[in-house]
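S.K.: One structure follows; several queries about it will come next.
The values are calculated or read from the model by the stated rules, or taken from the named source; none is laboratory data. As the structure is a computational prediction, the values presented were derived from the model and not from experiment. We place every Cβ from the backbone using ideal geometry, glycine too, and count neighbours over all the protein chains shown. Heads up: the accessible areas ignore ligands, DNA and RNA and are worked out on the full protein's heavy atoms, side chains in. Shrake-Rupley method; radii C 1.70, N 1.55, O 1.52, S 1.80 Å.
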Amino acid sequence: MNVGIVIVSHSPKVAEGTADMVRQMVGDEVPLAWCGGNPEGGLGTSVGDIMEAIERAWSEAGVAILVDLGGAETNSEMAVEMIGEPRAKKIVVCNAPIVEGAVMAATEASGGASLREVVATAHELSPA
Amino acid sequence: MNVGIVIVSHSPKVAEGTADMVRQMVGDEVPLAWCGGNPEGGLGTSVGDIMEAIERAWSEAGVAILVDLGGAETNSEMAVEMIGEPRAKKIVVCNAPIVEGAVMAATEASGGASLREVVATAHELSPA
Amino acid sequence: MTALDLSRLITAAADAIAAHAEELTALDQAIGDGDHGLNMKRGFDAVRAEADVFAAKPMPDALKAIGTKLVMTVGGASGPLFGTLFMALGKEISVEPDRANLTAAFGKAIDAVAARGKSQVGQKTMLDVLRPVHDALAGGRTVAEIADIADAAAEATVQMKALRGRASFLGDRSIGHMDAGARSTALLVRTLAQIIGGKA
Amino acid sequence: MTALDLSRLITAAADAIAAHAEELTALDQAIGDGDHGLNMKRGFDAVRAEADVFAAKPMPDALKAIGTKLVMTVGGASGPLFGTLFMALGKEISVEPDRANLTAAFGKAIDAVAARGKSQVGQKTMLDVLRPVHDALAGGRTVAEIADIADAAAEATVQMKALRGRASFLGDRSIGHMDAGARSTALLVRTLAQIIGGKA
Ligand SMILES: Nc1ncnc2c1ncn2[C@@H]1O[C@H](COP(=O)(O)OP(=O)(O)O)[C@@H](O)[C@H]1O
Ligand SMILES: Nc1ncnc2c1ncn2[C@@H]1O[C@H](COP(=O)(O)OP(=O)(O)O)[C@@H](O)[C@H]1O
Ligand SMILES: [Mg+2]
Ligand SMILES: [Mg+2]
Ligand SMILES: [Mg+2]
Ligand SMILES: [Mg+2]
């Protein structure tokens with residue numbers, strides 16, 4: 001089973017559009033879910049939505065989360081902690097750009113790469 | 001006059017959502033335009049649409065273009081060449097992630113930074 | 001502390017946030033994305049809506065539940081940060097806390113916030129109010145003094161350069177504006193101090 | 001070359017792309033985003049729709065206009081690349097080109113494509129067909145030979161690792177599949193060769 005990809009943006013449009021681009025590259029080979037917007041639908045992120053997206057993209061091989069700016073990262077880390085062990089140790093919030101990272105991570109995941117390899121591919125897109 | 005920002009994604013949703021995030025940070029202080037999708041509206045980019053977006057975000061201080069993947073970059077460079085001198089030398093296609101780069105570049109531009117400074121801020125987000 | 005007390009504290013805190021939502025948003029607009037007031041109001045309104053449910057629980061459970069509610073409703077970076085503060089406080093606090101226990105628990109809760117935000121004092125965040133408040137608590141200051149110390153600490157963020165959160169995108173241009181999260185923290189501290197002080 | 005000839009060439013090229021659109025898309029699906037057939041068809045259909053307008057122009061202007069049309073309509077990375085090929089060809093070619101002029105102009109046009117794509121031979125792209133075709137043209141090969149050389153060159157991309165374009169995201173997994181842009185280039189070369197050869 002391939003590693004799953006979760007896309008968490010402040011903007012639901014960015015998250016959905018990124019998922020479209022990922023699907024175009026990897027089809028249905030990779031579990032994929034996205035969420036965006038605060039609990040009222042404005043720009044922001046929602047811990048509950050992130051937890052549900054992780055659920056939808058869940059894979060025993062692990063899940064890589066791509067986020068945009070600060071709050072998306074903090075809320076995603078919070079979501080992983082609330083999901084708790086044993087699953088939390090198979091979920092990584094990537095330090096990578098959201099759009100480019102999602103496409104590259106998903107492409108890597110579609111080839112059957114491990115969570116570690118998928119995350120490493122995404123991290124290569126960020127300054128050291 | 002502040003440097004303008006143009007957002008060019010394969011996905012119109014990503015481009016529009018990124019523009020929403022930029023507006024939330026900088027309001028109307030920065031000329032801003034976006035485009036996305038191929039000439040049929042599918043995922044891709046359109047040189048004509050990019051040229052029009054540059055027109056909308058035009059500033060005598062220059063324009064920084066943020067793009068997502070390969071084709072968006074090549075089509076943006078083509079658009080700049082077709083616009084031609086004297087404006088072309090005031091337009092830079094940034095080597096930076098689209099969402100994070102657009103927010104950071106616009107934030108920098110809103111402070112009255114030069115095109116060189118705006119582009120440098122975006123470039124800091126990419127691996128050397 | 002009785003259930004009535006906790007319910008009153010919650011209501012007062014949510015009222016204070018709601019009354020200052022526009023001010024908080026304006027602070028965030030100057031050097032951020034202008035949603036801090038809305039975010040805090042959304043979270044504290046949600047907490048107030050279940051004030052009686054929380055107040056019926058033992059103090060540790062009540063604080064954990066309040067923290068979880070904030071985490072799930074705020075929608076900005078401040079959500080997991082304030083949420084973690086309350087959740088960690090609930091984990092460390094006694095059912096009938098005295099000042100020593102409260103001080104120790106508060107210190108650990110601040111450490112948890114710093115870990116969540118990968119941040120520390122001096123970076124122009126809520127931590128720049130939380131730490132001085134903890135020090136004042138540990139130093140035996142009165143509740144009135146603590147409220148003043150919190151305000152002064154928020155004021156002191158004006159001259160800091162932001163190194164965490166969205167304001168850090170502005171670099172030197174973040175100097176000269178008060179941090180929104182520092183302001184909301186001071187506001188909460190004064191509100192709680194007034195009620196506790198009024199009672200004492 | 002008469003206006004009739006150029007119009008026939010355009011129509012034949014557009015027909016060939018349309019007939020192979022699904023094959024090109026399938027190649028791009030294996031190691032890309034699966035739109036190359038659609039992209040090329042969109043571009044060449046647009047060129048065919050104005051075949052007579054282009055054919056009425058002198059050769060240099062016709063090629064530049066065809067290139068511009070491809071740039072504006074293809075919608076993928078192949079648009080500015082094929083567009084640049086035709087635009088640069090139009091800039092270098094004579095009104096009545098002989099083989100020497102065609103060869104020189106084609107060489108310069110390929111350089112322009114390489115500059116546009118920041119790419120070179122061996123990176124599993126259209127350049128891996130364009131260069132061998134230019135060499136064959138320079139080496140005095142017949143049009144039939146040139147068409148075979150183009151096909152072989154496209155076939156040779158199967159074993160290459162992609163270093164440009166979307167296929168490069170796959171790293172080693174790009175090996176074992178033909179590059180879509182190399183295939184469409186070979187297709188265009190054979191189509192033009194057949195018409196020019198049939199006429200000669
Ligand atoms: N990494 C962090 N560590 C500590 N506090 C932070 C951090 N990031 C943001 N903050 C605090 O959160 C406040 C911003 O909250 P808010 O506007 O609700 O969230 P967002 O920045 O996601 O829009 C800041 O003013 C600051 O006090
Ligand atoms: N940088 C480049 N240099 C040369 N050729 C390239 C480059 N990038 C892509 N190509 C060519 O373009 C083809 C892909 O075209 P297409 O699928 O239409 O565009 P996209 O990759 O934007 O979806 C590739 O098969 C390759 O031959
Ligand atoms: Mg904010
Ligand atoms: Mg926000
Ligand atoms: Mg393609
Ligand atoms: Mg494409």
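S.K.: Taking region B:25-35 as the region of interest, how many residues are open to solvent by less than 50 Å² (accessible area, probe 1.4 Å) and away from ligand 6 (no atom under 16 Å from the Cβ)?
M.R.: 7
S.K.: Right, next: With the requirement that a residue be open to solvent by less than 30 Å² (accessible area, probe 1.4 Å) and touching a residue at least 24 places away in the same chain (Cβ under 8 Å), what does region D:66-80 give you?
M.R.: Of everything in region D:66-80, those that are open to solvent by less than 30 Å² (accessible area, probe 1.4 Å) and touching a residue at least 24 places away in the same chain (Cβ under 8 Å) turn out to be D:Ile66, D:Leu70, D:Thr73, D:Val74, D:Gly75, D:Gly76, D:Ser78, D:Gly79, D:Pro80.
S.K.: Inside region C:54-103, can you point out the residues that are touching a Leu at 6+ places or on another chain (Cβ under 8 Å) and among the small types (Gly, Ala, Ser)?
M.R.: Passing the criteria: C:Ala55, C:Ala62, C:Gly67, C:Gly79, C:Gly83, C:Gly90.
S.K.: It is to be established whether one or more residues within region A:100-107 are in a helix (DSSP H, G or I), more than 13 Å from chain B (Cβ to nearest Cβ) and in contact with an Asp or Glu (Cβ under 9 Å, 6 or more places away or on another chain).
M.R.: no
S.K.: Does region C:64-78 contain any residue that is of a type in the set (S, T, N, Q), touching a His at 6+ places or on another chain (Cβ under 9 Å) and either farther than 24 Å from B:Val103 by Cβ or within 12 Å of ligand 3 (Cβ to nearest atom) (or both)? I'd like the intermediate steps shown before the answer.
M.R.: Here is the first cut: in region C:64-78, the residues of a type in the set (S, T, N, Q) are C:68, C:73, C:78.
The next check asks that each one be touching a His at 6+ places or on another chain (Cβ under 9 Å); those that pass are C:78.
Next, from what is left, pick out any that are either farther than 24 Å from B:Val103 by Cβ or within 12 Å of ligand 3 (Cβ to nearest atom) (or both): C:78.
Scanning region C:64-78, I find at least one residue that is of a type in the set (S, T, N, Q), touching a His at 6+ places or on another chain (Cβ under 9 Å) and either farther than 24 Å from B:Val103 by Cβ or within 12 Å of ligand 3 (Cβ to nearest atom) (or both), so the answer is yes.
S.K.: Kindly check whether there is at least one residue in region C:146-165 that is under 17 Å from C:Met40 (Cβ atoms), within 14 Å of chain B (Cβ to nearest Cβ) and open to solvent by 10 Å² or more (accessible area, probe 1.4 Å).
M.R.: The answer is yes; a qualifying residue exists.
S.K.: Considering only region B:46-69, state which residues are more than 11 Å from chain D (Cβ to nearest Cβ) and open to solvent by 20 Å² or more (accessible area, probe 1.4 Å).
M.R.: Scanning region B:46-69 gives B:Glu52, B:Glu55, B:Arg56, B:Trp58, B:Glu60, B:Ala61.
S.K.: Of the residues that sit in region C:26-35 and are more than 14 Å from C:Thr73 (Cβ to Cβ) and crowded, with 23+ Cβ neighbours inside 10 Å, which one is farthest from ligand 2 (Cβ to nearest atom)? Before the answer, list the steps.
M.R.: Pass one, region C:26-35, residues more than 14 Å from C:Thr73 (Cβ to Cβ): C:26-34.
Cutting the leftovers down to crowded, with 23+ Cβ neighbours inside 10 Å gives us C:27-28, C:31-33.
Details: C:Leu27: 44, C:Asp28: 39, C:Ile31: 38, C:Gly32: 36, C:Asp33: 33 Å.
Taking the candidates together, the pick is C:Leu27.
S.K.: Here's something else I'd like to know. Just a yes or no: is a residue in region C:166-186 away from ligand 3 (no atom under 16 Å from the Cβ) and away from chain B (no Cβ under 14 Å)?
M.R.: Yes; the residues of region C:166-186 include at least one that is away from ligand 3 (no atom under 16 Å from the Cβ) and away from chain B (no Cβ under 14 Å).
S.K.: Considering each of B:Gly36, B:Gly42 in turn, give the residue that is small (Gly, Ala, Ser) and at pLDDT below 95.
M.R.: The conditions single out B:Gly42.
S.K.: Among D:Arg131, D:Arg116, which is basic (Lys, Arg), part of a helix (DSSP H, G or I) and open to solvent by less than 40 Å² (accessible area, probe 1.4 Å)?
M.R.: D:Arg116
S.K.: With (1) open to solvent by 20 Å² or more (accessible area, probe 1.4 Å); (2) within 11 Å of chain D (Cβ to nearest Cβ); (3) over 19 Å from A:Val99 (Cα atoms); (4) touching a residue at least 24 places away in the same chain (Cβ under 8 Å) as the list, and B:Leu43 as the residue in question, which single condition is left unmet?
M.R.: (3)
S.K.: Here is a follow-up. Return yes when B:Asn38 is among the polar types (S, T, N, Q), more than 9 Å from chain D (Cβ to nearest Cβ) and open to solvent by 10 Å² or more (accessible area, probe 1.4 Å) and no when it is not.
M.R.: Against the criterion (among the polar types (S, T, N, Q), more than 9 Å from chain D (Cβ to nearest Cβ) and open to solvent by 10 Å² or more (accessible area, probe 1.4 Å)), B:Asn38 does not qualify.
S.K.: Being of a type in the set (A, V, I, L, M), out of contact with any Asp or Glu (no Cβ under 7 Å at 6 or more places or on another chain) and open to solvent by 50 Å² or more (accessible area, probe 1.4 Å) narrows it down to one residue among D:Ala16, D:Ala12, D:Ala49; which is it?
M.R.: D:Ala49
S.K.: Considering only residues that are farther than 30 Å from A:Pro12 by Cα and buried (at least 21 other Cβ atoms within 10 Å of the Cβ), look in region C:82-98 and name the one that is farthest from the other protein chains (Cβ to nearest Cβ).
M.R.: C:Ile93
S.K.: Here is a list: C:Ala104, C:Ala109. Which entry is within 25 Å of A:Asn75 (Cα to Cα), modelled with pLDDT of 95 or more and out of contact with any Pro (no Cβ under 7 Å at 6 or more places or on another chain)?
M.R.: Sole residue among the options that is within 25 Å of A:Asn75 (Cα to Cα), modelled with pLDDT of 95 or more and out of contact with any Pro (no Cβ under 7 Å at 6 or more places or on another chain): C:Ala109.
S.K.: Name every residue in region A:70-97 that is away from every other protein chain (no Cβ under 12 Å), assigned to a helix (DSSP H, G or I) and small (Gly, Ala, Ser), in order of residue number.
M.R.: Within region A:70-97, A:Ala88 is the sole residue that qualifies.
S.K.: Just to be sure, is C:Asn101 open to solvent by 30 Å² or more (accessible area, probe 1.4 Å) and touching a Ser or Thr at 6+ places or on another chain (Cβ under 9 Å)?
M.R.: yes
S.K.: Moving to a separate point now. Quick check, is A:Ala128 away from ligand 2 (no atom under 16 Å from the Cβ) and either modelled with pLDDT of 95 or more or open to solvent by less than 10 Å² (accessible area, probe 1.4 Å) (or both)?
M.R.: So A:Ala128 fails the test.
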